[in-house]
Amino acid sequence: MATAITGDPLMDVRNVPNGALGYIYFYFTDGSKQNGMYVTTCEFKDEKSKTALGALGTAAKLHKTTGTEGTFSIEGYDITDIWVQLQQNLRHEGVDEYFNCTVIEWDPTTALGKKITNYYNCNVDEVLVSSLDVDDAVKTTSFAGTYDDYELIQAYDVIDGLMMAEQKVLG
């Protein structure tokens, strides 16, 4: 089916994934694995570092990519103390724990399949150690940090219409 305006097929909205479906797992250096079933929100970002450069003949600044930095933030229900314990180990023993993480994005009602990404050498920068709030019916916690690398283990399947639209734009 194509739209009258663009001639491109309409995206089947059934293939838009539900952001609440998926899994997250944490792998620690002692060999233990923790299911992140308590996680309510996770974001992993890879941000470019750029330098602005001047050039003769133009008043515009040109931008040169000089590197990348991976950061993450995670929020969830306050049902585990693992992150507080890791921070305490750093504070009292000088041991800074790194871990790996796998995020599986999967809504079985779509034609996309699974997207699986591994994040390596994750390290927590900030941990909410304690909090109380009389207006919180459900107690939550959060932590944030950095990762050194990531690998897309499995990409989403290409859905009908997507590649055709991309080919039109690129030529």
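Readers should treat all values here as calculations from the given coordinates under stated rules, not as data from a laboratory. Computed from a predicted model, the values in this text were never measured in an experiment. We place every Cβ from the backbone using ideal geometry, glycine too, and count neighbours over all the protein chains shown.
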Worksheet item: Helix 82-93: angle to the longest alpha-carbon principal axis of the chain, degrees 0 to 90, nearest 10?
Response: 60 degrees
Fill in: Relative contact order [Cα under 8 Å, 6+ residues apart], the chain, whole percent
23 percent
Worksheet item: Can you put Ser32, Ser142 in order, fewest other beta carbons within 10 Å first?
Response: Ser32, Ser142
Fill in: Shape box of the chain [Cα atoms, principal axes, largest first, Å]
62, 53, 38
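Can you give the percent of C-alpha pairs in the stretch 5-74 whose distance is more than 21 Å? Please list the in-between numbers first.
Working: 1514 of 2415 pairs.
More than 21 Å apart: 63 percent of the Cα pairs in the stretch 5-74.
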Response to the item:
Restricting to aspartates and glutamates and to Cα separations under 16 Å from Lys50, and discarding same-chain partners fewer than 8 apart, the set is Glu69
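Please return the longest stretch of the chain lacking exposed loop sites, where trypsin sites (Lys or Arg not before Pro) count only if DSSP places them in a loop and at most 13 other Cβ atoms lie within 10 Å. Don't skip to the answer; put the middle values down first.
On the way: sites that count: Lys61, Lys139.
By the stated rule (loop sites, at most 13 other Cβ atoms within 10 Å), 62-138.
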Worksheet item: Which of the aspartates and glutamates could a cross-linker span from Lys64 if the Cα-Cα distance has to be under 16 Å and same-chain partners fewer than 8 positions apart are dropped?
Response: Glu47
Worksheet entry | the stretch 70-131: Cα Rg divided by the 2.2 N^0.38 Å rule of thumb | 1.43
Discussion item. For the chain, what does the helix formula give at 222 nm: sum of -39500 (n - 2.57) over DSSP H segments with n ≥ 4, over the residue count, nearest 500 deg cm²/dmol?
Written reply: -3500 deg cm²/dmol
